[in-house]
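One structure is given here, and the rest of the page talks about it.
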Amino acid sequence: MSYLGDVIGGVKTLIKGMKVTGSYFFPNIINQKYIITRQYPEEPAIVMDRFKGEVVMWHNENNEHRCTGCQACEIACPNGSIEIIWDRVLNEETGKKVKTIDKHIYHLGMCTMCNLCIQACPTNAIMWSTNFHNSTYDRSNLTKVLNKPGSKLMAGVEE
Amino acid sequence: METVTLNSGDLKSQEYFLNMGPQHPATHGVLRLILTLDGEIVKNIEPDLGYIHRSIEKQCEYEGYKQIIHLTDRMDYLSAHINNEAVALAIEQALQIEVPERVKVIRTIMGELTRIASHLLWWGVMGMDVGALTTFMYAFRDREMINDIMEETCGARLTMSYSTPGGVMFDLHPNFQKRVKAFIPHLRKVIPQYDELLTGNVIFQKRMKGIGVMSYEDAISHGASGPAARGSGVSCDRRIKDPYSAFATKDIKFNEVLYTEGDNLARYNVRMKEMLESLNIIEQLIDNIPDDGIQAKTKALIKLPKGEYLQRVETARGDLGVYIVSDGKKNPYRVKFRSPGFSNLNALIEIGKGHLIADLVAVMSTLDFVVPDIDR
Amino acid sequence: MILINTTNYFGQLVAYLSDQMGIGGQILAYVIVAAIYLGFFALAGLLLVYVERRVAAFFQLRLGPNRVGPHGLFQTIADALKLLSKEIFGTNRKDNLLYKTAYYLVITASLVSLSVIPFTQGIQAFDINVGVFFISAVSSVGVLGILLGGWGSNNKYSLIGGMRSGLQMISYELSSGLAVITMVLLAGTLQMSGIIEAQRDTWFIIKGHIPALIALFIFVVAGTAESNRTPFDLPEGEAELGAGYHSEYSGMGFAYFFLAEFINMFIISAVGVTLFFGGWLAPFHLTDALPWQPLWGALWFFLKVAVFIFFMMWFRWTFPRLRIDQLLTLEWKYLLPIGLVNIILMAVLVYYNVLISF
């Protein structure tokens, strides 16, 4: 009787499987109970606060940042995503030439979000933003200048 | 009129070549297999590698030791954390620094979570490969919970770059324990469902049993490792053989899942049971995570002393070896990754022969290839 | 001898128009009937694709198409428009004649089979006295289309898919044929409308009790296999062959195959409903006393077909795929012997009249 036993046993396992899928289907069709889809633009995406979206530079309300142009992040970066163009500018108050960033260039397209630059930054000038809306039609848009135009170093960071 | 008689010997079938991949749904990436087929029977398999070769080993020679880690994320991206850990351990071994106990425990928990996530994804895709399309979504639903845990603590869902030489990047998120504790019973609840849906299914059992048998000797001679080898009865778990992280310092009780059949079903069962074992490991660690810092003192610029260093860890796919040759400079002289996928692919050439195409797909699925891991 | 019953609405239309306008009217009537069926073919196909996607989504904890139109109802229409506007390209050295003929054969086969299905009382274009036989004969032509598509594409994957499909469809036609014959024993006629008339009092699934249930089981398995759906979707075998026999088709060529697959599913369900569940007859004579009989009939018919189709979808989204040798083992070692024994059982039961009837 193993022939018929095979058939019946086989059909039983099939029904067991159908029970599992059915147990999801019927609640779903009634009130979408187990649906895991999130309809993105309407329902906002859940982004954790530590999410490494892109590197940004913090600016205060006076358009001042904390980057001294020490290039620690540029050295720490494994693949050259960060380039810093700096200059020595004469500080009028002290009369000394001070290293100041001209442009803090960040290639988001190359960045692998490894966190090394942020770990390396001695002044906490750069940090993670959770923004992930970065898709563009042109790759060149992914090269960003992190310091805002006209911004300058916050007083008291140099020490 | 001439009569033509046909003997059975006159009717010859002709072998032909079939390119499976580089663009093929079953190869899970850009693996190319050149098959020699007789009808549907696979006579010979010739893997053609290199379609996703990014020369990670060579790149490592130009990077500082801290910077190697983010490259290893991209090898076996499904066990990214364990790869990070392997490099970090190798560097720590070379520098002879003792990392805090907390770091060890965090790394182990994260590693086991990664292993579960990897096995869950494998289960979903395995179902797809044999035609049961729904398994994929169920597995992803549960894997998503792990991804959330990862995102909350490490800031990334897949390529975490979480371990650093001497510690971890961030401390655990306050929600971490709560989320992990919610996840454990959830997975315990759904795995019986998985079994009902796929494992017990008569079609699945018939497809898996006795197909792609890798003998104990084959597994050893091809250098297979991980669940693929444990399905053949080869005890090769690095967590037990040469324990690292919390496996070395804490008394963690878990069983090495061993099956002796060596066929598809054995490899499948090993992975299914391994998920539960990983849950056990996490359960033993999650309640008492020591609190002694997340970073050992390391220099900003790491220089390894002259010498050769080897660290082996157990990734979700098997035995990952990290071999670093240092000449005392700030970047390594040579880095070699012994990736589990590459050796397991070797075994496929042997065990895939003589089966049908559909079986080859199933065998590939149970060997669980990640192509970037094979090519690096 | 093939006899055609023309007492239905379509027959009356043909008779009326040919009375009025002679041979031209007759042709006009045929064109009208054909247009109605083509319209139904397209609409039902699109609707089934939508339903399939939606049902699949609910099985898989997803939502499915829900953006275009209310509840995403127009999604498949949008998809069809997209497919219409796509460039048609194929492989370089394909056998153009076979390649192009393939999809016409496939849709013609399913369209012709559609014509013998009684949707409701008096709505049946081609009420032929060998109706069930006609369906299984015509649906075999569809296999030819798939074979030609697989061969003509000049692609090894397509070829394997086509060959698998040939093996599968020819094997399973036997079983589905046997299941049909088992039920025909009860009806005593091959005519579709006659089979339904014979179930006026008791549906065959109840009347034939045990052998009818076994026949239903065989019919469902064989029917699923004939419509190339999981667990028997080896000709497509997504993970193995890409898309199998239609991997080299694009645009409408692909859409024809796709639609035909869904219409085949409808046809198999319709035949199953007609044979086992009384076609358009209301259960327990619920609506027999109400006016608008044909409309009620259509309602019951489509309701039953929907349940049948739902089960086929349930199979598809639950089971893994069989291997080709297991597929043949299932047919030749299990379904066929069981089906043969079942026919004898049914014949004995019918002879000694051990049947349940009310």
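Most mobile of B:Arg238, B:Arg54, B:Arg317 per a Gaussian network model of chain B (Cα springs, under 10 Å)? With Cα springs under 10 Å in chain B, the top fluctuation among B:Arg238, B:Arg54, B:Arg317 is at B:Arg54. For chain B, the solvent-accessible area works out to 37 Å² per residue, with a probe of 1.4 Å and every protein chain left in place. Restricting the calculation to Cα atoms, chain C yields a radius of gyration followed by a Dmax of 20.8, 64 Å.
Placing +1 on each Lys and Arg Cβ and -1 on each Asp and Glu Cβ, with no other charges, gives the protein assembly as shown a dipole about its Cα centre of roughly 920 debye. Summed over both chains, the accessible area lost when B and A associate is about 2600 Å², using a 1.4 Å probe.
For region C:76-109, the list of trypsin sites (Lys or Arg not before Pro) that fall in a loop by DSSP and count at most 12 other C-beta atoms within 10 angstrom reads C:Arg93.
Cross-link partners of A:Lys16 among lysines, defined as those whose alpha carbon lies under 18 angstrom from its own and excluding same-chain residues fewer than eight positions apart: B:Lys189, B:Lys206. Note on region A:54-153: Rg/Rh from C-alpha atoms, Kirkwood Rh, equals 0.98.
The label point for A:Val56 and the one for B:Glu217, both projected 7 Å from the Cα toward the Cβ, are 6.4 nm apart. By its C-alpha gyration tensor, with a ≥ b ≥ c as the square roots of the eigenvalues, how is region B:240-333 shaped: rounded for a/c under 1.5, else prolate for a/b larger than b/c, else oblate? The shape class here is oblate.
Using every pair of separate Cα atoms, the Kirkwood estimate puts the hydrodynamic radius of chain B at 21.6 angstrom. Legend: P(r) of the protein assembly as shown from all alpha carbon pair distances, 10 Å bins from 0, whole percents, reading 2, 10, 18, 20, 17, 13, 9, 6, 3, 1, 0, 0. For region C:200-334, the fraction of alpha-carbon pairs lying more than 18 Å apart is 62 percent, rounded to a whole number. In order along region B:307-312, the Karplus-derived 3J(HN,Hα) couplings, from 6.51 cos²θ - 1.76 cosθ + 1.60 at θ = phi - 60°, round to x, 10, 10, 10, 10, 10 Hz, and Gly and Pro are given as x. Straightening the chain between A:Glu43 and A:Val157 buys 37.0 nm, computed as 0.36 nm per residue apart minus the Cα-Cα spacing. Classify region B:151-218 from the C-alpha gyration tensor, please: rounded if a/c falls under 1.5, else prolate or oblate depending on whether a/b exceeds b/c. Verdict is oblate for region B:151-218.
If R0 is 45 Å, the Cβ-Cβ spacing of C:Leu286 and C:Leu38 corresponds to a FRET efficiency of close to 0.85. Highest GNM mean-square fluctuation among B:Asp251, B:Asp129, B:Asp237, for chain B modelled with Cα contacts below 10 Å: B:Asp251.
The residues of region C:281-321 occluded by other protein chains by 10 Å² or more of accessible area, set against the chain on its own, are C:Phe310, C:Trp314, C:Phe315, C:Arg316, C:Trp317, C:Thr318, C:Phe319, C:Pro320, C:Arg321; surface from heavy atoms, 1.4 Å probe. In whole angstrom, region C:136-245 maps to an equivalent ellipsoid with semi-axes of 34, 14, 9, each derived as √(5λ) from the alpha carbon gyration tensor and ordered largest first. Based on the reciprocal of the average 1/r between different C-alpha atoms, the Kirkwood radius for region C:3-127 equals 17.8 Å. Return the carbon/sulfur percentage of the accessible area of region A:54-153, one whole number, probe 1.4 Å, all protein chains in place. Here it works out to 51 percent.
Cysteine residues of the protein assembly as shown whose C-beta has no other cysteine C-beta under 4.7 angstrom: A:Cys67, A:Cys70, A:Cys77, A:Cys111, A:Cys114, A:Cys121, B:Cys60, B:Cys154, B:Cys236. Packing, as the average of other Cβ atoms within 10 Å across residues, places the peptides B:359-369, A:83-93, C:277-287, A:51-61 in the order B:359-369, C:277-287, A:51-61, A:83-93, highest first.
A Förster radius of 51 Å combined with the Cβ-Cβ distance from B:Ala296 to A:Lys16 puts the calculated FRET efficiency at roughly 0.50. Comparing the full protein assembly with the isolated chain (1.4 Å probe, heavy atoms, ligands and nucleic acids excluded), the residues of region C:216-251 losing at least 20 square angstrom of accessible area are C:Phe217, C:Glu238, C:Ala239, C:Glu240.
Considering helices alone, the calculated mean residue ellipticity of the protein assembly as shown at 222 nm is -16500 deg cm²/dmol, with DSSP H runs of length four and up weighted by -39500 (n - 2.57) and normalised per residue. Computed over protein heavy atoms with a 1.4 Å probe, the accessible surface of chain C works out to 42 Å² per residue.
In this structure, the amide hydrogen of C:Asn154, modeled 1.01 Å from its nitrogen in the peptide plane, lies closer than 5 angstrom to those of C:Asp95, counting only residues at least 5 positions away or on a different chain. Give, ordered by residue number, each residue of region B:347-370 whose 1.4 Å probe accessible area is reduced by a minimum of 10 Å² on adding the remaining protein chains to the chain alone. Residues shielded by partner chains are B:Leu356, B:Ile357, B:Ala358, B:Asp359, B:Val361. Around the amide H of A:Glu54, modelled in the peptide plane, lie the amide H atoms of A:Ser129, A:Asn131, all under 5 Å away and 5 or more residues distant in sequence or on another chain. Cross-link partners of B:Lys12 among lysines, defined as those whose alpha carbon lies under 27 angstrom from its own and excluding same-chain residues fewer than eight positions apart: B:Lys43, B:Lys353, C:Lys94, C:Lys156. If you plug the beta carbon distance of A:Met127 and C:Val68 into 1/(1 + (r/R0)^6) with R0 = 41 Å, you get a FRET efficiency near 0.50.
Note on region B:1-147: the C-alpha convex hull projects to 15.1 nm² when averaged across all orientations.
Structure note, pairs A:Lys97/A:Lys148; A:Lys103/B:Lys58; B:Lys104/B:Lys330: Cα-Cα distances above 28 angstrom occur for A:Lys103/B:Lys58. A straight chain from C:Ser85 to C:Ser250 at 0.36 nm per residue would run longer than the Cα-Cα distance by 58.3 nm. Here is the list for region B:5-65: GluC sites (Glu not before Pro) lying in DSSP coil, each with at most 16 other C-beta atoms within 10 angstrom of its C-beta, are B:Glu15, B:Glu61.
Coupling constants for region A:37-42 follow from the phi torsions by the Karplus curve (6.51 cos²θ - 1.76 cosθ + 1.60, θ = phi - 60°), and in residue order they are 5, 10, 7, 4, x, 6 Hz; glycine and proline get x.
Geometric descriptor of region C:137-195, per residue, is 62 Å³ (volume of the convex hull of the Cα atoms).
With the convex hull drawn over the C-alpha atoms of region B:118-275, the volume per residue is 138 Å³.
Remark: accessible area buried at the B-C interface is about 2500 Å², both chains counted, probe radius 1.4 Å. Relative to the 2.2 N^0.38 Å rule of thumb, region C:282-328 has a C-alpha radius of gyration ratio of 1.84.
The values are calculated or read from the model by the stated rules, or taken from the named source; none is laboratory data. This is a predicted model, so every value here is computed, not measured. Reconstructed Cβ throughout: ideal geometry from the backbone, glycine too, with neighbour counts over all protein chains shown. Areas reflect the complete protein model, heavy atoms only, side chains present, ligands, DNA and RNA absent. Shrake-Rupley method; radii C 1.70, N 1.55, O 1.52, S 1.80 Å.
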